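Below is one structure, written out as structure tokens; the observations come after it.
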Number of protein chains: 2
Amino acid sequence: MFEAKLIQASLLKKILEPIKDLVESANFDCSPSGISLQAMDSAHVTLINLLLRTDGFETYNCERSLSLGLSINALSKALKCAGNDDTLTMKARDEPDTLSLYFESPKNDRVCDFEIKLLDLGNDQYTIRDTEYAAVIKMPSSELQRICRDLSTLGEVVTICANKEGVKFSTSGDVGSFNITVRPTTDSSAKSEDSITIESKEPITLNFSLKFLTHFTKATPLSPTVKIKMTDSAPVVVEYNIEDLGYLSFFLAPKLE
Amino acid sequence: MFEAKLIQASLLKKILEPIKDLVESANFDCSPSGISLQAMDSAHVTLINLLLRTDGFETYNCERSLSLGLSINALSKALKCAGNDDTLTMKARDEPDTLSLYFESPKNDRVCDFEIKLLDLGNDQYTIRDTEYAAVIKMPSSELQRICRDLSTLGEVVTICANKEGVKFSTSGDVGSFNITVRPTTDSSAKSEDSITIESKEPITLNFSLKFLTHFTKATPLSPTVKIKMTDSAPVVVEYNIEDLGYLSFFLAPKLE
DNA sequence: GTCTTCGCGC
DNA sequence: GCGCGAAGAC
């Protein structure tokens, strides 16, 4: 028996938004310590890593681990039916073939219940190692989103070049070339949310598909800040913290020169 | 070497907005006295005339005149990436094949630099003579915009009929006909921005394409007022003053009856 | 291509 | 807080 209640159904909406563009279906692995999801997009270019710890749930019950294979699209459709302030309760039996979702409006005057059929997806496991990074950049998530949007108007590949002094995002296309440079915040009075910090072990330059990076930034509503972690010849990690719950992070392999 | 700095990148945005619907590319002629642009739309119906004097620039350096052939669309895309309060610096070498644009945020924590390839556009010159006009109408630019928008819902051609007493904008279409008449402001306490004045040498009536006139009114954000200058059998001049810098004006040949 | 939605600017 | 413009969905 699995049962978990979120105060904000809309939070799961925000989580699914960036995921649904990348994968059609995925296993939600529910365990006593929380819910996690690892999935690669169909082209095996990006890896999604989601963790929701039990702490952030209103109630959470899961005695035995179970894996819920879900169509992201179906789940997303279901969540569209939730009011913006509705709570969400998820329930599944021990050998489930469906997941039940309950939306309740704050005043309790409206209750929706959804039954979604589970898919048998097999059990791909991805090992994710948290290595040392040559650079870890923290910046306002909206700023990364803006940068990706701006660069996309001109090019398809972004070169990210980071050192202690700043981060340069570059692209080029038919009409010319374009660089955006951001510098670490020096104004110590700035709120942590608005500030840019760079932990740089060594200068690093990597190329990435702008399309995917732009997809990732659909997670912007989840967090005011985003972390970009880069190491030479390794996938970049774009990480959005989910308050009280955990994180949603994306891995994207660099493009070769 | 050409270098010019504008405090408000958004000003160039506003200048390009009405231009980009009319022409794909144009020469920006930079000289020691300022920047000018003359261009006709592809159908050779309208002529655009832009002048930016050096006074309005924060800094301006141009020893030798040069002509920068630019895709208006590319330039417009570049400017979309500028924050609303960013400053804009334009730079070109003496025999340039690119124009460099630099956007800097007020706090200097974000710098964009753009290189736009120049186009070889040839050197069409248009002579513009400032004649005597039968009527010169000054009115709030937003009012002209509103009039064009309203008339467009009904017809495709506007008849402008001006004399000392007022200006009548008329159109007719399938569902009927529509006149809007404005009269000179008599209230001397009215601000100059809000007032309507008519200098009328002789009554005049001309017909114009509403589509083009409506395009011109996209320059409304540039100036609180607009001047309409008309003479029999000659193009109307629709002129927007750009504070401290110069003007953007449009010429449109009248339609025959 | 049209319509709706969301984000940004006024 | 309202209106406008751009982006995404059908």
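With a ≥ b ≥ c the root eigenvalues of the C-alpha gyration tensor of the stretch A:130-244, is it rounded (a/c under 1.5), prolate (a/b larger than b/c) or oblate?
Verdict is rounded for the stretch A:130-244.
For B:Arg53, go 7 angstrom from Cα along the Cα-to-Cβ vector, then report the distances to that same point in the other copies in nm, smallest first.
6.5
Please return the longest range in chain A lying between exposed loop sites, taking trypsin sites (Lys or Arg not before Pro), DSSP loop only, at most 15 other beta-carbon atoms within 10 Å, and leaving the sites out.
Here the longest run is A:1-63.
Leaving out same-chain residues fewer than 8 places away, which aspartates and glutamates sit with a Cα under 16 Å from that of B:Lys91?
Candidates past the 8-residue exclusion: B:Glu3, B:Asp29, B:Glu58, B:Glu63, B:Glu104, B:Asp113, B:Glu115.
Note down the magnitude of the dipole of the protein assembly as shown about its Cα centre, charges +1 on Lys and Arg C-beta and -1 on Asp and Glu C-beta and zero elsewhere, to the nearest 20 debye.
Using only the charged Cβ atoms, the result is roughly 520 debye.
So the label point sits 7 Å from Cα along the Cα-to-Cβ vector; using that for B:Lys168, what distances do you get to the other copies, in nanometres, sorted shortest first?
Inter-copy label distances (nm, one decimal, shortest first): 6.5.
Any idea how far apart A:Glu165 and A:Arg149 come out in nm if each label point goes 7 Å out from Cα toward Cβ?
My value for the distance between the label points is 3.0 nm.
Treating the point 7 Å from Cα along Cα-beta-carbon as the label, what are the nm separations from A:Lys201 to the other copies, to one decimal?
Counterpart label points of A:Lys201 in the remaining copies fall at 7.9 nm.
Once the other residues with Cβ under 15 Å from the Cβ of B:Glu63 are scored (Lys, Arg +1; Asp, Glu -1), what is the net sum?
It works out to a net charge of -1.
What whole-number distance in Å separates the alpha-carbon centres of the stretch A:75-150 and the stretch B:99-175?
49 Å
Taking 25 Å as the cut-off for C-alpha to C-alpha distance, list the pairs among A:Lys13/A:Lys191; A:Lys168/A:Lys229; A:Lys201/B:Lys80 that go past it.
A:Lys13/A:Lys191; A:Lys201/B:Lys80
Return, ordered by residue number, the residues of the stretch A:101-141 whose backbone nitrogen is under 15 Å from a label point located 7 Å along Cα→Cβ of A:Ser25.
The answer is A:116-124.
Label the stretch A:1-126 by shape, choosing from rounded, prolate and oblate, from the square roots a ≥ b ≥ c of the eigenvalues of the Cα gyration tensor; if a/c is under 1.5 it is rounded, and otherwise prolate applies when a/b is larger than b/c, oblate when it is not.
prolate
How large is ³J(HN,Hα) for each residue in the stretch A:194-202, as worked out from phi by the Karplus curve 6.51 cos²θ - 1.76 cosθ + 1.60 (θ = phi - 60°), to whole Hz, x for Gly and Pro?
Values, residue by residue: 8, 8, 10, 10, 10, 9, 10, 7, 8 Hz.
Would you pull out the residues with amide H under 5 Å of A:Ala134's amide H, same chain only if 5 or more places away, H placed 1.01 Å from N?
A:Met230, A:Thr231, A:Asp232
Each residue of the stretch A:142-153 in order: what ³J(HN,Hα) in whole Hz does its phi give by Karplus 6.51 cos²θ - 1.76 cosθ + 1.60, θ = phi - 60°, with x for Gly and Pro?
Computed from phi, the couplings for the stretch A:142-153 are 5, 6, 5, 4, 4, 4, 5, 5, 4, 5, 5, 5 Hz.
From the phi of every residue in the stretch A:24-35, what ³J(HN,Hα) in whole Hz does the Karplus formula 6.51 cos²θ - 1.76 cosθ + 1.60 yield, where θ is phi - 60° and glycine or proline is x?
Here the 3J(HN,Hα) series is 7, 8, 7, 8, 8, 8, 9, 9, x, 9, x, 10 Hz.
Which GluC sites (Glu not before Pro) does the stretch A:86-148 hold that lie in a coil by DSSP with at most 15 other beta carbons within 10 Å?
A:Glu132
Which three extents, in angstrom, do the Cα atoms of the protein assembly as shown have along their principal axes, listed largest first?
92, 58, 42
Considering amide H positions built from the backbone, and no H for Pro or chain starts, which residues 5 or more places from A:Ala190, or on another chain, come under 5 Å of its amide H?
none
Could you give the dipole magnitude of chain A about its Cα centre, charging the beta-carbon of Lys and Arg +1 and that of Asp and Glu -1, in debye to the nearest 20?
Roughly 480 debye, rounded to the nearest 20.
I need A:Leu75, B:Leu118 ordered by Cβ neighbour count within 10 Å, fewest first.
Arranged by neighbour count, lowest to highest, A:Leu75, B:Leu118 become B:Leu118, A:Leu75.
Scan around B:Thr46 for amide H atoms under 5 Å from its own, H built in the peptide plane at 1.01 Å from N, and keep only partners 5 or more places away or cross-chain.
B:Asp41
Calculated from DSSP H runs of 4 or more alone, at -39500 (n - 2.57) each and per residue, what is the 222 nm mean residue ellipticity of chain A, nearest 500?
The helix-only estimate for chain A comes to -4500 deg cm²/dmol at 222 nm.
Computed from the coordinates by the stated procedures, all read-outs in this text should not be read as laboratory data. Just so you know, these numbers come straight off a predicted model, no measurement behind them. As a convention, Cβ positions derive from the backbone with ideal geometry for all residues, glycine included, and neighbour counts pool all protein chains shown.
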